[in-house]
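Chemist: Take this structure, written in structure tokens, and hold onto it; I'll ask about it next.
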Amino acid sequence: MAKNELDKMLFLKNILIVSIILMGLGACSNIQQSPESIIVNKPVVYDLYEDMDWIFNQKNDTTYVINFWATWCKPCVEELPFFIELDNTYRDEKVKLILVSLDFKNQIDKKLIPFIETHKLEPEVVVLADPDANKWIPKIADEWSGAIPATLVYNKNQRSFYEQSFESFEELNTILKSNL
């Protein structure tokens, strides 16, 4: 079988798995999944060519902490435990952590998924696979240069953006509390 045919078969298999998972878990999330999302094991792969509201502009009573990171970014990986602690601390409250990976699309299977499994990441991981950063960065924050790590904290009443790495859980928690 040609490589192209195998790729198509693998893609169709993933679509079937996604359909089964979405049917079973469809009502479990505060965020609506975009129909263009493709779940590959744990992360959601999303090309942000169209509507970004499903993740970056929810208008409900939840506060969202969106961390932009990558497995190849040392400061991102170093601060990740603070986000995991934040997720564990606020798990029973209306706070939702989403880890937006900027890992390259061709590295999802080789690097990102093993990283998620090794570190037992429980928060939702979304892969932002759109290479046209000039198109989507201003939709997240006008002041964002595109450097990572970066974090967006928002709810229906306010929106704050932090282009920095966090040095401690306490620092991150203070920022979240100021946005609740």
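The values are calculated or read from the model by the stated rules, or taken from the named source; none is laboratory data. Just so you know, these numbers come straight off a predicted model, no measurement behind them. Counting neighbours? That spans all protein chains shown, and the Cβs are built from the backbone with ideal geometry, glycine included.
Chemist: Can you find a residue in segment 122-131 that is over 16 Å from the mean Cα position of the chain (by Cα), loosely packed, with under 12 Cβ neighbours inside 10 Å and not basic (Lys, Arg)?
Modeler: Scanning segment 122-131, I find no residue that is over 16 Å from the mean Cα position of the chain (by Cα), loosely packed, with under 12 Cβ neighbours inside 10 Å and not basic (Lys, Arg), so the answer is no.
Chemist: Condition test on ILE84, is it surrounded by fewer than 20 Cβ atoms within 10 Å (Cβ to Cβ), at pLDDT 90 or above, part of a helix (DSSP H, G or I) and assigned by TED's automatic domain parsing to the domain that holds PHE56?
Modeler: So ILE84 passes the test.
Chemist: Can I ask one more? Pairs only if they're at least six apart or on different chains, beta carbon under 6 angstrom, first in segment 101-118 and in the same structural domain as PHE83 (by TED's automatic domain parsing) and over 15 Å from LYS74 (Cα atoms), second of a type in the set (Lys, Arg) and not in a helix (DSSP H, G or I); list them, first residue then second.
Modeler: Hits for this filter: ILE116/LYS42.
Chemist: Let me ask something else about it. It is to be established whether one or more residues within segment 122-142 are farther than 23 Å from ASN57 by Cβ and at pLDDT below 90.
Modeler: yes
Chemist: Pick out, from segment 96-180, the helices (runs of 4 or more DSSP H) lying fully within it that include 3 or more residues that are under 17 Å from ASN67 (Cβ atoms).
Modeler: 133-140, 169-179
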